[in-house]
Amino acid sequence: MSQYYTTTDHFVLVPALMLALFGCAVLLFEVLVFPHPRQRKWLLLFVLLGLAFAGAGVWRQQNFLASQGIEELTAFGGTLTVDGFAIFFNWIFLAASLIVTLISYRYLEVEGEHHGEYYGLILLANCGMFFLATGTDLITLFIGLELMALCFYILVGFLREDRRSNEAALKYLLLGAFSSGFLVYGFSVLYGLAGSTKLRAVADALASREPWDPVVFLALATTAVGLLFKISAVPFHMWAPDAYEGAPTTVTAYLSVGSKAASFALLLRVFLMPLGAAREVWEPLLAAVAVATMTVGNLAAVTQTNIKRLLAYSSISHAGYILLGLIAGNETGIKGVLVYILVYTFMNLGAFLVVVALRRKDLLGEDLDDLAGLVYKSPGYAILMLIFLLSLAGIPPTAGFIAKYYIFLALIETRHYVLAVIGTLYVAVAIYYYFRIVRSMFLAPLADTGPLTTSFGLRLALVVTGVLTLGIGIYPEPFLGFAQTSLAR
Amino acid sequence: MLDTFFFYAFALLTLGGGILTVTRRNAVHSAMWLIVSLAGAAGLYLLQGAEFLFAVQIVLYVGGIMVLFLFVIMLVNLDEAAKMRQFNKQWWVALACVSGVGALVAYFLRQGAGAFRLARPPQGAPILEGNTERIADVLFSEYLLPFEIASVLLLVAIVGSVLMAKRKV
């Protein structure tokens, strides 16, 4: 290798570079340039600029791939690969970061923990997610995952005076570090099998082996433990309800979509390419995990009275549905997974946005009863929440229906009838617990007459997520096409 | 022959130290045994001809990080925790997992080295330069990017620990 940093390398790296630079700039500027609390809105501007520059980088990559008619662009000797898949996920991450940034300003003021580090960590977490979607090298993937996870450990514990937040952060940190140990062990075995950290070399090495090779099984099982933890699949889900409940609600929203989407990007990369050769081994394994995840997620959600916990269990069950698409594994299945993640990002964010609005100085706003009679107080919020919940349950004409439709279609195409039936049955359970929220909002008498905590950013974010949740459901073609092009790998 | 002897000696240190680290009730003893375990791993690096890793392992882990560990343990009052019984009742899950892994390891032992068929190092001219130069070379060429991301990771860790530890930010 004569040149260490070529123009191609730079072109591929630009979004991550922008996120990291602006993340560091926010950290610095908070101390040096804008020390006064009232100047924090300028930091917000920097975050938006950083996201815009990163988005421009992704946009240029997308155009370049389209104009040259090539499927992928590798950089750093195969360490990073920009393809449709990476671009698809990067857009999701940037959208999630943007929405979370918009809603955080007012929320952190209410919580009384408004520090500029929050925004820096959001950008740096997004930088880690970039490497999860784009990386094709075991070390890069691992460090990217740790970068993202470390940012989230801190963000989850951001309410330093709140014992629940402390507990959530510590629990998430300890369990997360433990699962990372498994993941890195699996990666090291994969490296031993291939003699190279590049995913392509690992794939070649595994293809020349028996699928039931015990060494491959060892690598597969440990890697799977690490990855399934990150997507909070059962039996590695124990951290999720506590972390989701204790974290600041804006962070919960970010954690439930950003971290989950990024971990799914990593899971898809690893399971489809290098471990694709061992498909007959992991397919029954993942099927069992998916069924367990849907069972625990849906049944445990039924008895929750805390909305954040309820949505945590619901997000666990959604991970089960997404896994079903990977188990089907045909083109429809993978497309279904991508569409599901896209749709899930917006509908789940939307549901958390309404919870964010409930928080006041004197009200935690996390209990089901705090929503009682919301329709009499703020009908707009109640109707938007209804749309998000219908979508989460998978009822047409919302986007959630399209997402579930493709997953079940793929399962039937590949003759996984039992899984399809189980998945459909659990939708009925899901409708029950989502409608507990709806009943509280629409049928219960108005309990709390105080105003909602709202802001321009929050209203904008609600409108965007609401329009997308309905829009993808009513007119899905452009989004399906987007997912289709990102499949061409 | 001598190599084999040293390998088993260092492996015993690593594994025995590891087991004692998690079974001792006194946190200071655990930390001491962790030092033994890390030193054993350093010996394994040396056997592999990785002098640089050996030195880093001793200086950083045994010398730096473990000393910090001991400081923290002595600052925090752990007498209460040492007396507490473990309260989770999931030993049977652990037993199932351990016996699964044990079965896999037993299989490997029965099959011998043939079961692994690990990748061979690339054939060609024997490597003449030392391990340190090789690490420097790949660190700044092939693994340049992960190396740089790791620096961002460390920055986040520093910012996070300051944020968590300071009373008033």
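If you wrap the tightest convex hull around every Cα atom of the stretch A:251-294 and split its volume per residue, you get 58 Å³. In the stretch A:275-489, taking the dipole from charged Cβ atoms about the Cα centre, the farthest positive-side position among A:427, A:453, A:403 is held by A:453.
Projecting the Cα atoms of A:151, A:89, A:110 onto the charge dipole of the stretch A:77-161, computed from C-beta unit charges around the Cα centre, puts A:89 farthest toward the positive end. In the elastic network of chain B, a GNM with C-alpha springs shorter than 10 Å, the most mobile of B:45, B:143, B:107 is B:107. Cα-based radius of gyration for the protein assembly as shown, normalised by 2.2 N^0.38 Å, reads 0.97. Ordering A:360, A:38 by accessible surface, largest first, gives A:38, A:360; the 1.4 Å probe counts only protein heavy atoms, with every chain in place. Within the accessible area of chain B, the carbon and sulfur atoms contribute 71%, probe 1.4 Å, all protein chains present. For the stretch A:297-436, the fraction of 1.4 Å probe accessible surface lying on carbon and sulfur atoms is 68 percent.
Within chain B, helices built from complete DSSP H runs that reach 20 Å or longer along their own axis (Cα positions) and carry a mean Kyte-Doolittle hydropathy of 1.6 or higher are B:27-47, B:144-165. Per residue, the accessible area of the stretch B:1-82 comes to 68 Å² when a 1.4 Å probe rolls over the protein heavy atoms. Each Cα pair under 8 Å and six or more residues apart adds its sequence gap; the mean of these over the residue count of the stretch A:275-489 is a relative contact order of 28 percent. Dipole size of the stretch A:237-367 about its Cα centre, with +1 on Lys/Arg Cβ and -1 on Asp/Glu Cβ: approximately 260 debye, rounded to the nearest 20. At a threshold of 30 Å², the residues of the stretch A:205-220 that become less accessible to a 1.4 Å probe in the full protein assembly than in their chain on its own are A:209, A:214, A:215, A:218. Considering only B:108, B:52, B:69, the mean-square fluctuation computed in a Gaussian network model of chain B, springs between alpha carbons under 10 angstrom, is largest for B:108.
Shape call for the stretch A:275-489 from the C-alpha gyration tensor, a ≥ b ≥ c root eigenvalues: rounded (a/c under 1.5), prolate (a/b greater than b/c) or oblate? Prolate is the answer for the stretch A:275-489, as a/c is 1.5 or above and a/b outweighs b/c.
For the stretch A:104-125 and the stretch A:1-52, what is the separation of their C-alpha centers, rounded to whole Å? What the calculation gives is 16 Å, centre to centre. Ordered from highest to lowest accessible area with the whole protein assembly present and a 1.4 Å probe, A:257, B:101, B:159 read as B:101, B:159, A:257. Taking Cα centroids, how far is the stretch A:131-169 from the stretch B:127-169 in Å? When both Cα centres are located, 16 Å separates them.
With distances taken between every two different alpha-carbon atoms, the stretch A:361-489 has a Kirkwood hydrodynamic radius of 16.7 Å. Around the amide H of residue A:80, modelled in the peptide plane, lie the amide H atoms of A:75, A:136, all under 5 Å away and 5 or more residues distant in sequence or on another chain. With the convex hull drawn around the C-alpha atoms of the stretch A:151-306, the volume per residue stands at 100 Å³. Of interest is the spacing of the C-alpha centroids, which for the stretch B:47-101 and the stretch A:274-343 amounts to 34 Å. This model, with +1 at the C-beta of Lys and Arg and -1 at the C-beta of Asp and Glu, gives the stretch A:275-489 a dipole about its Cα centre of some 220 debye. Taking the dipole about the Cα centre of the protein assembly as shown, with the C-beta of Lys and Arg at +1 and of Asp and Glu at -1, give me whichever of A:192, B:73, A:442 is farthest to the positive side. The listed residue farthest towards the positive side: A:442.
Tell me what chain A gives for mean residue ellipticity at 222 nm when only DSSP H runs of n ≥ 4 count, each as -39,500 (n - 2.57), the sum divided by the residue total, rounded to 500 deg cm²/dmol.
So the helix-based figure for chain A works out to -25500 deg cm²/dmol.
Counted over all Cα-Cα pairs of the stretch A:1-99, pairs farther apart than 17 Å make up 57 percent.
Among B:47, B:13, B:154, the largest mean-square fluctuation in a Gaussian network model of chain B (Cα springs under 10 Å) belongs to B:154. Between residue A:367 and A:307, the built amide H atoms are under 5 Å apart, and every one of these is 5 or more places off in sequence or on another chain.
Output the DSSP H helices from chain A with an along-axis C-alpha extent of no less than 30 Å and a mean Kyte-Doolittle hydropathy no less than 0.0. Numbers along the way, then the final one.
Numbers: long enough: A:7-32 (35 Å, 1.85); A:40-68 (42 Å, 0.69); A:84-111 (40 Å, 1.32); A:163-194 (46 Å, 0.69); A:279-302 (34 Å, 1.07); A:307-328 (32 Å, 1.14); A:331-358 (41 Å, 1.72); A:417-442 (37 Å, 1.45).
Result, helices passing both filters: A:7-32, A:40-68, A:84-111, A:163-194, A:279-302, A:307-328, A:331-358, A:417-442.
Using a 1.4 Å probe over protein heavy atoms, the accessible area lost on pairing B with A, summed over both chains, comes to approximately 2900 Å². Charges were assigned to the Cβ only: +1 to each Lys and Arg, -1 to each Asp and Glu. The resulting dipole of chain B about its Cα centre is roughly 940 debye.
Once Rg and the Kirkwood radius are both taken over the C-alpha atoms of the stretch B:1-82, their ratio Rg/Rh works out to 1.06.
If you scale each eigenvalue of the Cα gyration tensor by 5 and take the root, what three semi-axes come out for the stretch A:173-261, rounded to whole angstrom and sorted largest first? Before the final figure, lay out each step's value.
On the way: eigenvalues 194, 32, 22 Å².
Calculated on Cα positions only, the semi-axes equal 31, 13, 10 Å.
For chain A, the relative contact order comes to 15 percent (Cα pairs under 8 Å, sequence separation of at least 6). In the context of the full set of protein chains, the stretch A:275-489 has a per residue accessible area of 36 Å² (1.4 Å probe).
The values are calculated or read from the model by the stated rules, or taken from the named source; none is laboratory data. Source: prediction; values computed, not measured. Every residue, glycine among them, receives a Cβ derived from its backbone with ideal geometry; neighbour counts consider all protein chains shown. Ligands, DNA and RNA are stripped out before the accessible areas are found, and what is left, the full protein with its side chains, is counted by its heavy atoms. Shrake-Rupley method; radii C 1.70, N 1.55, O 1.52, S 1.80 Å.
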